[in-house]
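Q: Pasting a structure below so you can have a look.
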Amino acid sequence: MREFNVTGRCLKEKHYMVDISEKIRQIMVMIEKGQYFTINRARQYGKTTTLWALEEELVKQGYIAVRISFEGIGDTPFESEKKFCQNLLEQIYDELKWHKVKNASLWKTKSVVTFKKLDAFLSAACKNKKVVLMIDETDKTSNNLIFLRFLGMLRDKFLKRDREATFQSVILAGVYDVKNLKLKMVQAGTHKLQDGEKRINSPWNIAENFEIDISFSVPEIVAMLNEYEKEHKTGMDIEVISKEIRACTSGYPYLVSRLCKTIDEKFEKDWTSSGLQKAIKLIMLEQSTLFDDLFKNVKSNLELRDLLYSILINGRSFSFNANNSGMELGLLFGVLVQNGDKIAIHNPIFELRITNYFSTEKEIQESKLMMRTPVDAVTQGNKFNMKMFLEKFMKYYYEIYNNRDLNFLERESRLLFITYLRPFINGVGFYHIESETRNSERTDVIVDYNSEQFIIELKIWHGEQKHEKAYDQLVAYLNSKNKTEGYLLTFDFRKKRAKKPSAKWVRKSKKKIFDCLCV
């Protein structure tokens with residue numbers, strides 16, 4: 001029986017897999033054109049699985065496919081040109097032998113001990129042949145001078161390919177795009193230039209941009225779940241659940257597979273919206289390499305952290321700027337995505353994990369002030385009293401933060417609300433922030449608690465006219481969710497604001513809205 005896989009390579013006979021044949025077809029077009037490129041995507045984004053599938057297709061079409069990696073072989077191959085050249089050719093020989101390539105033994109030579117000799121050997125070995133070299137996990141080697149000089153040699157051969165034979169295509173796979181690594185090393189003072197090397201040259205400036213989307217689309221998820229349903233006959237609505245999985249993951253391959261595996265193995269094959277929400281709740285708590293890397297990058301890069309905070313907590317919107325290091329790193333690590341001329345968090349699960357991270361930080365920072373209301377004060381059985389919760393929050397906010405600096409409150413108020421909310425719903429409920437409505441003036445928070453769903457719009461007071469507009473926005477959103485009741489929580493930061501918090505029920509366009517003014 002097959003299963004969903006979230007570790008290592010996916011195998012058709014063992015795992016339920018997305019059909020990536022269309023992506024492979026697009027990559028083959030690049031190879032047929034003789035292009036060199038890097039498949040640089042975030043951790044656990046399906047790069048290795050893509051290379052395996054590409055290798056199979058290359059062999060089918062008569063190419064000589066060579067897939068190698070320098071991961072896990074230690075530092076010895078990078079101690080000298082001789083050791084690098086010998087290791088490279090040994091790996092290539094092993095691949096050719098595996099594929100039963102004629103005259104593979106020619107690559108098993110001990111005479112190639114310098115890059116100059118390697119250059120000549122490759123010209124002879126690749127003559128009248130279509131050899132494609134794929135190097136996986138280049139992040140492990142791309143800061144190594146020997147490896148960068150090897151890429152420089154390949155670059156020079158690429159530029160002379162009309163005069164001498166070389167690889168048909170070279171593909172590097174890793175998180176980083178290595179186009180400018182050598183330049184960065186020179187700037188950092190870590191690169192000792194060799195005779196004849198130019199300080200401004202990049203080892204990979206001949207590479208084409210890789211713009212093929214390798215995330216999982218709705219039709220691809222549908223096809224995978226169709227294979228699953230043939231074997232398990234759960235009766236799921238495949239189209240609906242596929243759209244929901246895509247919506248909460250934006251097609252991030254690891255997250256798609258992780259959710260499917262969790263539903264299948266942890267929640268008795270509950271392929272419903274409820275089962276998906278339970279799977280998301282579990283993933284929100286689990287440790288994994290993906291999330292370990294995510295928060296390592298957030299913690300170690302202040303500009304990225306500040307950018308994420310501005311987007312998630314302050315509702316700021318930013319135009320894409322290729323020269324902004326925070327944006328560059330966010331895109332590189334897969335935390336951010338470019339939507340037109342704007343940037344956004346890649347997917348709602350990342351949004352929640354990072355928001356929870358900031359919320360936990362705030363809870364620790366404000367621990368002496370966090371006077372908690374007992375959870376059972378707003379829960380009765382399986383019911384959550386949102387009206388009472390908001391009243392408790394307003395009272396708490398007024399008593400603890402009323403005298404705080406207004407700039408602090410405007411910057412932190414929404415995070416304080418989420419920090420206050422989480423303990424009341426943890427273990428039973430679930431919240432998420434609607435990305436489409438998040439901005440500096442408005443944020444919609446949706447809380448699911450057992451079978452109930454509550455829609456809360458968080459606003460900053462900008463006058464009566466804007467407040468009336470907030471009603472209209474909330475009514476429209478309630479209509480889109482087929483809800484008759486909603487909650488409007490407005491933070492008032494005016495110097496001449498009301499002296500006490502207030503709340504009342506109002507009716508707007510046949511909707512019942514609990515209107516709260518937080519001061």
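For every residue, the table says whether it meets (1) surrounded by fewer than 19 Cβ atoms within 10 Å (Cβ to Cβ); (2) under 24 Å from residue 152 (Cβ atoms).
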site	(1), (2)
37	no, yes
51	no, yes
56	yes, no
59	yes, no
63	no, no
68	yes, yes
73	yes, yes
77	no, yes
85	no, yes
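Q: Can you tell me which of 341, 306 is modelled with pLDDT under 95 and surrounded by fewer than 16 Cβ atoms within 10 Å (Cβ to Cβ)?
A: 341
Q: Would it be correct to say that residue 86 is part of a loop (DSSP other than H, G, I, E, B), more than 23 Å from the chain's Cα centre (by Cα), closer than 19 Å to residue 122 by Cα and not charged (D, E, K, R)?
A: no
Q: While we're here: Do any strands (runs of 3 or more DSSP E) lying entirely in the stretch 335-447 carry at least 1 residues that are without any contact (Cβ under 8 Å) to a residue 60 or more places away in the chain and more than 30 Å from residue 325 (Cβ to Cβ), and which ones are they?
A: 429-433
Q: Go over the candidates 257, 250 one by one and state the one that is on the phi > 0 side of the Ramachandran plot and crowded, with 18+ Cβ neighbours inside 10 Å.
A: From the options 257, 250, the qualifying one is 250.
Q: Being loosely packed, with under 15 Cβ neighbours inside 10 Å and of a type in the set (Val, Ile, Thr) is the filter here, so list the residues in the stretch 473-516 that pass it.
A: Hits for the stretch 473-516 are 484, 506.
Q: Which ones in the stretch 1-49 are in a loop (DSSP other than H, G, I, E, B) and aromatic (Phe, Trp, Tyr)?
A: Answer for the stretch 1-49, where residues must be in a loop (DSSP other than H, G, I, E, B) and aromatic (Phe, Trp, Tyr): 4, 16, 36, 45.
Q: On to the next question. Pull up the stretch 287-316, narrow it to residues that are in a loop (DSSP other than H, G, I, E, B) and touching a helix residue (DSSP H, G or I) at 6+ places or on another chain (Cβ under 6 Å), then point me to the one that is farthest from residue 443 (Cα to Cα).
A: 301
Q: Among what's in the stretch 419-433 and is among the aromatic types (Phe, Trp, Tyr) and over 25 Å from the mean Cα position of the chain (by Cα), pick the residue that is surrounded by the most Cβ atoms within 10 Å (Cβ to Cβ).
A: In this case the residue turns out to be 424.
Q: Which of the residues belonging to the stretch 384-422 are at pLDDT below 90 and among the acidic types (Asp, Glu)?
A: Passing the criteria: 399, 405, 410, 412.
Q: Of the residues in the stretch 418-449, how many are under 22 Å from residue 475 (Cα atoms) and not charged (D, E, K, R)?
A: Matching residues across the stretch 418-449 total 12.
Q: Can you pull out the residues in the stretch 434-472 that are closer than 14 Å to residue 514 by Cα, surrounded by 17 or more Cβ atoms within 10 Å (Cβ to Cβ) and either out of contact with any helix residue (DSSP H, G or I) (no Cβ under 6 Å at 6 or more places or on another chain) or of a type outside the set (D, E, K, R) (or both)?
A: Correct list: 454, 455, 456, 458, 470, 471.
Q: Of the residues that make up the stretch 361-382, is at least one open to solvent by 50 Å² or more (accessible area, probe 1.4 Å) and in contact with a Phe, Trp or Tyr (Cβ under 6 Å, 6 or more places away or on another chain)?
A: Checked against the condition, which is being open to solvent by 50 Å² or more (accessible area, probe 1.4 Å) and in contact with a Phe, Trp or Tyr (Cβ under 6 Å, 6 or more places away or on another chain), the stretch 361-382 yields at least one hit.
Q: Do the conditions hold for residue 104, that is, is it open to solvent by less than 60 Å² (accessible area, probe 1.4 Å) and without any contact (Cβ under 8 Å) to a residue 12 or more places away in the chain?
A: Here the answer is yes, as residue 104 does meet what is asked.
Q: When the residues of the stretch 309-326 are filtered to those that are of a type outside the set (Ser, Thr, Tyr) and closer than 13 Å to residue 438 by Cβ, which remaining residue is surrounded by the fewest Cβ atoms within 10 Å (Cβ to Cβ)?
A: 316
Q: Turning to a different aspect of this structure: Looking at the stretch 221-234 only, could you name the residues that are touching a residue at least 12 places away in the same chain (Cβ under 8 Å), open to solvent by 30 Å² or more (accessible area, probe 1.4 Å) and of a type outside the set (Ser, Thr, Tyr)?
A: Of everything in the stretch 221-234, those that are touching a residue at least 12 places away in the same chain (Cβ under 8 Å), open to solvent by 30 Å² or more (accessible area, probe 1.4 Å) and of a type outside the set (Ser, Thr, Tyr) turn out to be 223, 226, 227, 231, 232.
Q: OK, next. Among the residues of the stretch 125-150, how many are charged (D, E, K, R), open to solvent by less than 40 Å² (accessible area, probe 1.4 Å) and part of a helix (DSSP H, G or I)?
A: Summing the residues that are charged (D, E, K, R), open to solvent by less than 40 Å² (accessible area, probe 1.4 Å) and part of a helix (DSSP H, G or I) in the stretch 125-150 gives 1.
Q: Out of all the residues in the stretch 503-516, which are touching a residue at least 60 places away in the same chain (Cβ under 8 Å) and closer than 18 Å to residue 462 by Cβ?
A: Matches in the stretch 503-516: 516 only.
The values are calculated or read from the model by the stated rules, or taken from the named source; none is laboratory data. Note that the coordinates shown come from a computational prediction; the quantities given were computed from them, not determined experimentally. Note: ideal-geometry Cβ built from the backbone for every residue, glycine included; neighbour counts use all protein chains shown. Surface areas here come from the heavy atoms of the whole protein model, side chains and all, with no ligands, DNA or RNA. Shrake-Rupley method; radii C 1.70, N 1.55, O 1.52, S 1.80 Å.
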